[in-house]
1. Pop out the carbon and sulfur fraction of the accessible area of the stretch 101-176 as a percent, whole number, probe 1.4 Å.
2. With a probe of 1.4 Å, find how much accessible area the chain has per residue, and write the answer as a whole number in Å².
3. Order Asp235, Asp326, Asp205, Asp76, most accessible first, counting only protein heavy atoms with a 1.4 angstrom probe.
4. Could you please state how large a percent of the accessible area of the stretch 1-87 is carbon and sulfur, counting protein chains only and using a 1.4 Å probe?
5. Roll a 1.4 Å probe over the protein heavy atoms and report the accessible area of Leu209 in Å², nearest 10.
6. So what is the orientation-averaged projected area of the chain, using the convex hull of its C-alpha atoms, in nm²?
7. Give the percent of DSSP beta bridges with both residues in the chain that are antiparallel, rounded to the nearest 5.
8. Given the C-alpha centroids of the stretch 3-64 and the stretch 138-190, what is the distance between them in whole angstrom?
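The values are calculated or read from the model by the stated rules, or taken from the named source; none is laboratory data. Since the model is a prediction, treat every value here as computed from it, not as a measurement. Areas reflect the complete protein model, heavy atoms only, side chains present, ligands, DNA and RNA absent. Shrake-Rupley method; radii C 1.70, N 1.55, O 1.52, S 1.80 Å.
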Amino acid sequence: MSVDQNTLRRRGLGLRAHDPLRSYGGYTLYTPIAGPGEVRLVDIEGRTVHTWSSPHPPGRHARLLPNGNLFYQGKDTGGPSLFPIWDVYHGGILQELAPDGTVLREVRHPFHHHDASVLRGGNLLVLGVEPLSPADAARIRGGIPGSEAAGGQVYGDVVHELTWSGEVVWRWSAIEHLDPEEVPLNPHFAREHWPMANTVDELADGSVLVGFRSASTTVAVDRATGSVRWRIGPDVLAQQHHPNELENGNILVFDNGTYRDTTSVPYSRVLELDPATGLEVWSYEDNPPQNFYSPYMSSAQRLPNGNTFVAEGSFGRLFEVTPEGDVVWEYVVPEFGAFGEGVGLESSRGAQNSVFRAYRYAAEQIPWL
């Protein structure tokens, strides 16, 4: 009998653990990042109950809107190619899909990457990039020397508020509001993209939350002035993903820990932080800590019963933990795909079941099911 040469498949797929007395229950939504454009909804027993199939490969992920429709971020494969890894993490197509897959609304942005969200007022917050001037590119600190895009170009992050018709009604630029001296790139990252955002969302007070992976920094932006209201930096975070606001005003974040300065052992953790001070309120890590590790992507979501739903994105491992840190549900994404040869970095090679994020929903949040 031949041996499957994919390490993750050999370890087991699908539902791996379930404690129904302590799990929140509900339905889990995930998007295989190397897949053709499928978004899957599975029940608490790991059974697929619904699938959306888009003709566009994922530009990272999808989530459900309050009306039960799907907000899908697809990849425009005909868009500009700015630098090699751009072909992995750019999107460009933003859609609202009905349960049957019908496209209800769509807007495109050629420089969209990683994340977008729907504001309470109905417009979109969209991450994008713009080329920096040579003078501003020279101000960028850190990163791998000589790793700029072709011609020495550096691209800087911007946030656009878009209407569904494509009109830009608000814009925020990192280079205009962040001092590169104070927000340097980690020395392991390329200088082609600064500070390399992966998260954008609206806070309860109307501010905009932006997370920058390559600078290990998360900020809240004042909509009126563009100024930074608070910032949590690399003294706390290490290449984090998916900072999101909890009902108590704290910030929950997946702290990847790829290059954490305080240890030689890479491991991930989930942190609940007081944004005013950056101090830790709650945390989860495995024991030993290196058993839980995703070098990139990933997410964390606080559930109504106090549990936390986690996507260890690099390895397609989705799990739920209690406040005490006990795992009460675990599922490993069984769908594998490939990005193709020559796309992006070494992490893009081979068959993988990775997800950028995953989300848990209660039955009442899916009225059509």
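1. Accessible surface attributable to carbon and sulfur in the stretch 101-176 totals 54 percent.
2. Working: 14990 Å² over 369 residues.
Normalised by residue count, the accessible surface of the chain is 41 Å².
3. On the way: Asp235 135, Asp326 65, Asp205 95, Asp76 40 Å².
Sorted descending by solvent-accessible area, the residues read Asp235, Asp205, Asp326, Asp76.
4. It is 50 percent, rounded to a whole number.
5. 0 Å²
6. If you wrap the Cα atoms of the chain in a convex hull and average its projections, you get 18.6 nm².
7. Working: 92 of 95 bridges.
In the chain, DSSP labels about 95 percent of beta bridges as antiparallel.
8. So the two Cα centres are separated by 32 Å.
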